[in-house]
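The block underneath contains the structure these notes are about, expressed in structure tokens.
The values are calculated or read from the model by the stated rules, or taken from the named source; none is laboratory data. None of the values given here were measured: they were computed from a predicted structure. Using ideal geometry, Cβ is built from the backbone for each residue, glycine included, and neighbour counts are taken over all protein chains shown.
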Amino acid sequence: MKVLVIGGTLFIGRELVRELVEAGHEVSVLHRRPEHGFGRKVGNLQADRNDPEAIRAALAGRRFEVVFDNVYDWQRGTTAEQVEATVHAAGDHLRRYVFMSSVAAYGDGLNHHEGNALAPDHHPDAYVRNKARSERTLFRMHQRHRTPIVTLRPPFIYGPGNPFYREAFFWDRLRDDRPIILPGDGRRLMQFCYVKDLVWACMKVMESPLAVGHAFNIANARPVTQAELVDALGKVMGRQPDTVRIPRDRIQQAGGNAMAAPLYFGVYYDLPAITQVISKAQRMLRFTPTPFPDGLTATYRWYQRNRSKEPRDYSFEDALLAPYRMAPAAALSAVAGPLGR
């Protein structure tokens with residue numbers, strides 16, 4: 001089939017393009033750069049996905065059967081109107097338009113099924129709002145015009161090639177014999193999706209006629225706590241992490257940032273829990289998640305080959321940890337205060 005991958009040069013897209021080429025599909029990538037690095041087998045289309053006119057110009061005269069829409073502009077946001085314009089620009093030969101959404105589209109809460117309500121249009125977080133509104137727009141297009149829409153809602157995606165400072169954040173510190181800061185009581189839930197599982201789901205929904213008009217939660221079946229995550233990351237490298245629990249209000253007062261430097265627990269890894277149930281994907285797609293330890297082991301092998309050799313700046317963490325290192329054990333609870341914040 002003729003397949004377009006919007007945003008095929010980074011994490012999910014790179015894995016997906018390789019899988020599509022290996023399966024014998026005719027693949028093109030649409031992104032903002034003049035080259036993509038996949039070689040001549042993969043077509044290269046250059047456009048800003050947030051610019052409807054540029055998208056229309058790039059796709060003019062081309063007929064794709066499948067489009068994978070993987071791109072979200074983190075600086076400007078990507079709106080439902082921009083996603084809708086991309087669908088229209090893709091033409092009338094579509095057999096599948098696969099939109100990469102997120103568990104964040106639910107807004108908040110635990111154990112979400114695909115039929116649960118998505119976040120409202122007035123949600124304060126732009127990413128949540130845009131993903132939820134984009135899905136509502138796409139499913140309206142399906143209902144009114146039979147546009148062959150499928151949406152995927154992964155939680156935290158991990159795996160070889162992760163461009164976000166997440167797994168590597170912890171492995172860097174463990175290699176340097178650093179303690180790991182656990183925010184609050186370390187019990188905040190996190191749910192993960194192995195990148196190769198997500199690509200498997202992409203390949204599955206592009207061919208399964210049952211998938212059209214559906215959303216799918218794609219993830220590990222069981223969430224883990226932040227403390228369990230740190231233990232799992234340590235286990236794959238044969239180390240027992242030394243953790244120090246620090247109340248979130250103290251971290252925030254010191255300037256700690258969950259999104260960017262100064263980080264204290266990896267990029268985006270300290271957010272209010274949103275979890276999902278994957279029984280629909282298991283039933284309809286025959287989805288079987290990769291065991292978390294297996295995915296982490298493969299990711300750690302990639303990390304060992306590709307880790308940055310540049311020294312890390314731990315000064316912010318040193319300042320946070322100083323009172324806990326200096327306080328006698330009997331006084332630690334008084335220094336820490338309530339941990340569940």
Selected residue (only one of 24, 109 is at positive phi and within 19 Å of the chain's Cα centre (by Cα)): 109
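Are any of the residues in region 151-160 more than 25 Å from residue 291 (Cα to Cα) and touching a helix residue (DSSP H, G or I) at 6+ places or on another chain (Cβ under 6 Å)? Steps first, answer last, please.
Pass one, region 151-160, residues more than 25 Å from residue 291 (Cα to Cα): none.
Scanning region 151-160, I find no residue that is more than 25 Å from residue 291 (Cα to Cα) and touching a helix residue (DSSP H, G or I) at 6+ places or on another chain (Cβ under 6 Å), so the answer is no.
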Listing of strands (runs of 3 or more DSSP E) fully contained in region 184-284 that carry 2 or more residues being buried (at least 21 other Cβ atoms within 10 Å of the Cβ): 192-194, 214-216, 274-276
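On the basis of being within 27 Å of residue 146 (Cα to Cα), at pLDDT 95 or above and in contact with a Cys (Cβ under 7 Å, 6 or more places away or on another chain), does residue 218 make the cut? I'd like the intermediate steps shown before the answer.
On the way: within 27 Å of residue 146 (Cα to Cα): yes; at pLDDT 95 or above: yes; in contact with a Cys (Cβ under 7 Å, 6 or more places away or on another chain): yes.
Answer is yes for this residue.
Taking the stated definitions as given, is residue 35 of a type in the set (Asp, Glu) and more than 27 Å from residue 216 (Cβ to Cβ)? Steps first, please.
Working: of a type in the set (Asp, Glu): yes; more than 27 Å from residue 216 (Cβ to Cβ): yes.
Answer is yes for this residue.
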Residue within region 298-316 that is assigned to a strand (DSSP E or B) and touching a helix residue (DSSP H, G or I) at 6+ places or on another chain (Cβ under 9 Å) present: no
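State the number of residues belonging to region 105-127 that are in a helix (DSSP H, G or I) and surrounded by fewer than 21 Cβ atoms within 10 Å (Cβ to Cβ). Explain how you work it out, then say what you get.
Looking only at region 105-127, we keep the residues that are in a helix (DSSP H, G or I), and these are 105-106, 126-127.
If we keep only those that are surrounded by fewer than 21 Cβ atoms within 10 Å (Cβ to Cβ) as well, we get 126-127.
So the answer is 2.
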Near pairs, Cβ below 6 angstrom, 6+ apart or cross-chain, from region 99-114 (farther than 20 Å from residue 6 by Cα) to any residue that is surrounded by fewer than 23 Cβ atoms within 10 Å (Cβ to Cβ) and of a type in the set (Lys, Arg): 114/280
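Taking the criterion of being out of contact with any Leu (no Cβ under 8 Å at 6 or more places or on another chain), assigned to a loop (DSSP other than H, G, I, E, B) and surrounded by 19 or more Cβ atoms within 10 Å (Cβ to Cβ), would at least one residue in region 145-153 satisfy it?
Pass one, region 145-153, residues out of contact with any Leu (no Cβ under 8 Å at 6 or more places or on another chain): 145-146, 150, 153.
Imposing the further condition that a residue be assigned to a loop (DSSP other than H, G, I, E, B) reduces the set to 146, 153.
After this cut, where a residue has to be surrounded by 19 or more Cβ atoms within 10 Å (Cβ to Cβ) as well, the list is 153.
So far as region 145-153 goes, yes, one or more of its residues are out of contact with any Leu (no Cβ under 8 Å at 6 or more places or on another chain), assigned to a loop (DSSP other than H, G, I, E, B) and surrounded by 19 or more Cβ atoms within 10 Å (Cβ to Cβ).
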Residue that is nearest to the chain's Cα centre (by Cα), among those in region 154-183 that are among the basic types (Lys, Arg) and buried (at least 19 other Cβ atoms within 10 Å of the Cβ): 166
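A quick yes/no check of all residues on (1) farther than 24 Å from residue 65 by Cβ; (2) part of a strand (DSSP E or B); (3) modelled with pLDDT of 95 or more:
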{"residue": "137", "(1), (2), (3)": "no, no, yes"}
{"residue": "157", "(1), (2), (3)": "yes, yes, yes"}
{"residue": "160", "(1), (2), (3)": "yes, no, yes"}
{"residue": "170", "(1), (2), (3)": "yes, no, yes"}
{"residue": "181", "(1), (2), (3)": "yes, yes, yes"}
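Mind telling me which of the residues 251, 246, 149 ends up being in the same structural domain as residue 116 (by TED's automatic domain parsing), out of contact with any Asp or Glu (no Cβ under 8 Å at 6 or more places or on another chain) and either touching a residue at least 40 places away in the same chain (Cβ under 8 Å) or not charged (D, E, K, R) (or both)?
Details: 251 fails: in the same structural domain as residue 116 (by TED's automatic domain parsing); 246 fails: in the same structural domain as residue 116 (by TED's automatic domain parsing).
Going through 251, 246, 149 in turn, just one is in the same structural domain as residue 116 (by TED's automatic domain parsing), out of contact with any Asp or Glu (no Cβ under 8 Å at 6 or more places or on another chain) and either touching a residue at least 40 places away in the same chain (Cβ under 8 Å) or not charged (D, E, K, R) (or both): 149.
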Test: residue 91 is at pLDDT below 95 and either assigned by TED's automatic domain parsing to the domain that holds residue 8 or small (Gly, Ala, Ser) (or both): yes
